Amino acid sequence: MSVDIPFVRDLTFDYGKASHVSPGIRRVIARNPSPFTFYGTGTYIVGHENVAVIDPGPLDREHVKALLRVTQGETITHIFVTHTHMDHSPACRLLREQCDAPTYGFGPHGSGHEDDGVVVEEGGDMEFVPDHFVVDTDVIEGDGWAIRCLYTPGHTSNHICYAYLQENALFSGDHVMGWSTSVVSPPDGDMEQYMASLRRLQIEPFETYWPTHGPPILDPLPHVEAFIAHRMEREEQIHDLLKSGVHTIGKMVPSMYADVDKRLHPAAARSVFAALSYMVKRGAVAVDGPLQEDSVFHVAEG
């Protein structure tokens, strides 16, 4: 790939302990490292005395105990969820056993779809329903802090980023991460929405992004622009492979992701399917029969 994404991957931390990453933000990282979570889920605590928690994390009692230990003597007044993958929202249930804070999110898993009954991928937290459904531009105020909601579907249909107004910072969830690109997995993930959500951030002048996984992004705009260029280049790769006679995702992935751990190839295939679905929608690619991951694709005529 010729697009140079300015990845940032170095992070110093101790599991179960809070890092004071800015004047108003603390972070506690869950011990759930994986090829998809990097070091683990980074739960953020915003404010002092009366605080908000962002992305409580997986169903991990030790992590929740750490959050409660870090906030001992304080009151958790709000719990925000960026989206409902299993490494982000399930700990809400454990945290709510210990505090009365209401939860905030766009909606249940899959709720960003207009059609009812859409089948979404495995790995979603199907139990989470926020106490307060938030929408784009909502502002929620707490004790000395304010959060503005930015609806950013694409990685999931219910993905929300949260702007911390006091520090001109964005809790970017999995929409934009410093260490890796995001998986976009249909049908809940949608490449058209993901690209639109990236482009929206081009006009939002935040100084810092705080993703749920990995270190902060201290120069966000070039990072977002590189992500957009990267996805466009992936489309060019797909187009070239189709012209060369490679017509299935199963044969595209080993070529497109030759430098990526093969354990991640199934997830890469989902993102290729998302890109192809978007290309089919635009009329750039044709498909034999119903659109599905094992379909045969062609460059559209005309």
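Strands (runs of 3 or more DSSP E) fully within region 132-234 that include at least 2 residues being of a type in the set (A, V, I, L, M) and under 20 Å from Gly112 (Cβ atoms): 146-151, 160-164.
Regarding region 57-71, can at least one residue be identified that is crowded, with 23+ Cβ neighbours inside 10 Å, under 18 Å from Pro130 (Cα atoms) and touching a strand residue (DSSP E or B) at 6+ places or on another chain (Cβ under 9 Å)? Checking region 57-71: at least one residue is crowded, with 23+ Cβ neighbours inside 10 Å, under 18 Å from Pro130 (Cα atoms) and touching a strand residue (DSSP E or B) at 6+ places or on another chain (Cβ under 9 Å). Does Val299 count as closer than 21 Å to Met195 by Cβ, in contact with a Lys or Arg (Cβ under 7 Å, 6 or more places away or on another chain) and open to solvent by less than 70 Å² (accessible area, probe 1.4 Å)? So Val299 fits the description; yes. The number of residues in region 259-292 being open to solvent by 50 Å² or more (accessible area, probe 1.4 Å) and either touching a residue at least 60 places away in the same chain (Cβ under 8 Å) or more than 16 Å from Glu235 (Cα to Cα) (or both) comes to 12. Go through region 4-20 and report how many residues are open to solvent by 40 Å² or more (accessible area, probe 1.4 Å) and either free of Cβ contacts under 8 Å to residues at least 24 places away in the same chain or closer than 18 Å to Ile217 by Cβ (or both). Counting residues in region 4-20 that are open to solvent by 40 Å² or more (accessible area, probe 1.4 Å) and either free of Cβ contacts under 8 Å to residues at least 24 places away in the same chain or closer than 18 Å to Ile217 by Cβ (or both) gives 10. Taken over region 21-35, the residue count meeting the criterion of being buried (at least 16 other Cβ atoms within 10 Å of the Cβ) and either modelled with pLDDT under 95 or part of a loop (DSSP other than H, G, I, E, B) (or both) is 3. Yes or no: Gly73 within 21 Å of the chain's Cα centre (by Cα) and assigned to a loop (DSSP other than H, G, I, E, B)? Judged against the criteria, Gly73 is not a match. Comparison of Pro211, Pro216, Pro205, Pro186 shows that the only residue that is open to solvent by 10 Å² or more (accessible area, probe 1.4 Å) and either within 25 Å of Pro266 (Cβ to Cβ) or free of Cβ contacts under 8 Å to residues at least 24 places away in the same chain (or both) is Pro186. The single condition from (1) open to solvent by less than 10 Å² (accessible area, probe 1.4 Å); (2) over 22 Å from His230 (Cβ atoms); (3) out of contact with any Phe, Trp or Tyr (no Cβ under 7 Å at 6 or more places or on another chain) that Val139 fails is (1).
The values are calculated or read from the model by the stated rules, or taken from the named source; none is laboratory data. This is a predicted model, so every value here is computed, not measured. Backbone-built Cβ (ideal geometry, glycine too); neighbour counts: all protein chains shown. Each accessible area value is taken on the protein alone, full model and side chains, heavy atoms only, with ligands, DNA and RNA left out. Shrake-Rupley method; radii C 1.70, N 1.55, O 1.52, S 1.80 Å.
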